[in-house]
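Written out below as structure tokens is the structure these notes cover.
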Amino acid sequence: MKVLFVTSEVAGLYKRGGLADVSYSLPVALAKRGVKVGIALPYYEKIKVHPVHCVGQLAIDYDRRRELMFIFKTTLPGSKVPVYLFRHPLLNEYDGPDIVERFGFFAKAVAQLYLYSDAILGGPYDIIHCNDWHTALVPLLVGESSKVGYRERETIQSKHAKTLLTIHNLLYQGEAGVSITLKLGFPKPLFHTFMTPLGRAVRLLTEGFEYADMVTTVSPTYATEIMNGDHGVRVRDIFDRRGDMIAGILNGIDTDLWNPETDTALPVTYSARTVAVRKKHVKQQLQKAVRLPESDVPLFGFVGRFEARQKGLDLIAGAIDGLSDTSYQLVLLGTGQPKLVAAFTALAERHKNIVYINTFDERLARRIYAGSDIMLVPSKFEPCGLTQMIAMRYGTLPLVRNTGGLADSVTDGKTGFVFGPYKKSALVAKMNDAIGLYVSSPGKFREMIVRAMKQDFSWDHQVKAYLSHYKKLIR
Ligand code: ADP
């Protein structure tokens, strides 16, 4: 079985968040199971990788011009998985104006590459596995590029390759003005357009829902939530029409890459057997590095994007007023929305027990995962969330809200702390429970740490679910 995994970010090459982790670890896990998997990714200027060589070129009609795209090949660092990098000036940067159009262009290139798969990819792939809105246009375009007249075309089924779309976050849908259809050079009736105050528009993610052969998301609870419309987006109509459901498969993590026994970013390594003795050194070194007093109060950590709509940072900011400064410490690492960055910079100036570091730093993230006692993940919604799993692997108890993949991976009082309502008071109460347990029942706290470390979040189980979906598709 051959699977082309199409994505906008891959850990080790270009990372912005959890999608990059999954785009690394899932292909590696599939390859271990004998799947011939390749990855397709834009060749952003920031990607520095060697060796890399050009394996072909494509001519792509876009915006009434013929564009030349070069395809480079490398391997995923630390593995043998081939990565196809799409080099074109429009794809030099991830961010920037016209981001949706540019990823539409990338999707067209991927679909076009499929026509030349013998020459460039060493033969056709059975499945094209797309991820999020950036690549959600591929299912539609694969059918079209294969010269299937859209009038004869069955709505959902691409006749030439089977496509699977995984939603990592429904918040981002890739909305663009309807002129994108002209730029791509495909007939407007193929797209599901709608009116906005600025005129007619399309959503790339919706086109993926309409045309992909199968749609999955990254946890069972999030699948149920989005089918119920819990997060304000109605997808049920599309899936009812398709007579289909969104399948939820919990993400895994690469337990070799995230391993406290071998992590070179840590001043001291440890296992479930040595955690009780060694983890406190990591905590002390972290306190020293981020200039927190080296006291033995519980240290809370937060690593994540500063995204106001999702990550629960407003709850954290609110909770700080409800807690005594001397009872805990908090270190936050993250970049994102300027308003939130300013608010937390100001909070950290006012509170001596709080440090906020506004940068993207993988090694520091690892030290926070290992050196904290409790990892805060109070998200309003969380499709899967990896930080809570990484934290458990490092013997740091996650404190999460009962939503999406957080609900599917943390058990209250056993492997972490879980609160329900999205309210500041609920977070404060749970943080106080955690602080109380740390101070008054260190034995129970240690037991929970060891239990959390023994949870298996590797891909070993979850990859089987993807394999069975792939098999269903090509049957
Ligand atoms: P999301 O995909 O919504 O960003 P996840 O919890 O699924 O959230 O994954 C986030 C990933 O990004 C984790 O690997 C986390 O360690 C990493 N990450 C987020 N922000 C930073 C940062 N500022 N520095 C280093 N790593 C970060």
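The phi torsions of the stretch 393-399, fed into the Karplus equation with coefficients 6.51, -1.76 and 1.60 and a -60° offset, translate into couplings of 4, 9, x, 10, 7, x, 10 Hz, rounded to whole numbers, with Gly and Pro shown as x. Farthest towards the positive end of the charge dipole of the chain, among the residues SER179, LEU190, ILE128, is the Cα of ILE128, using unit charges on the Cβ of Lys, Arg, Asp and Glu.
For the stretch 347-454, the calculated P(r), taken from all Cα-Cα distances in 10 Å bins from zero up to the bin holding the longest distance, is 15, 44, 37, 4 percent. Within the chain, the proportion of C-alpha pairs whose separation exceeds 29 Å stands at 50%. List the lysines whose Cα lies under 23 Å from the Cα of LYS288, skipping any in the same chain that are fewer than 8 positions away. Output for LYS288: LYS279, LYS280, LYS352. Considering only LEU113, THR326, LEU90, and ranking their Cα positions along the charge dipole of the chain that arises from unit charges at the beta-carbon of Lys, Arg, Asp and Glu, the one farthest toward the positive end is LEU113. In straight-distance terms, cross-link reach from LYS36 covers every one of the aspartates and glutamates whose alpha-carbon lies under 19 Å from its own, apart from those fewer than eight places away in the same chain; here that gives ASP118, ASP126, ASP254, ASP460.
Reducing the stretch 166-245 and the stretch 248-295 to their Cα centroids gives an inter-centroid distance of 39 Å.
If R0 is taken as 30 Å, the Cβ-Cβ distance between ALA289 and ASP433 corresponds to a FRET efficiency of 0.60. Dipole check for the stretch 275-456: with +1 at the C-beta of Lys and Arg, -1 at the C-beta of Asp and Glu, and the Cα centre as origin, the magnitude is about 280 Debye. Annotation: extensible slack from MET245 through HIS192 equals 17.1 nm (criterion: 0.36 nm per residue apart, minus Cα-Cα distance). One equal scatterer on each Cα of the stretch 172-287, no solvent, Debye formula: the resulting log10 I(q)/I(0) at q = 0.13, 0.15, 0.21 Å⁻¹ is -0.70, -0.78, -1.15. One quarter of the surface of the convex hull around the alpha-carbon atoms of the stretch 275-456 equals 9.0 nm², the direction-averaged projected area. As a rough guide to protection, the peptides 91-97, 370-376 ranked by mean Cβ packing within 10 Å, highest first, stand as 370-376, 91-97. Between helix 18-32 and the chain there is an angle of about 70 degrees, using the helix long axis and the longest principal axis of the Cα atoms.
Annotation for ILE99 and VAL49: the two label points, set 7 Å from Cα along the Cα-Cβ direction, are 2.1 nm apart.
We did not get these values from a lab; they are worked out from the coordinates using the rules stated. Since the model is a prediction, treat every value here as computed from it, not as a measurement. Ideal geometry is used to build each Cβ from the backbone, glycine not excepted, and the neighbour counts take in all protein chains shown.
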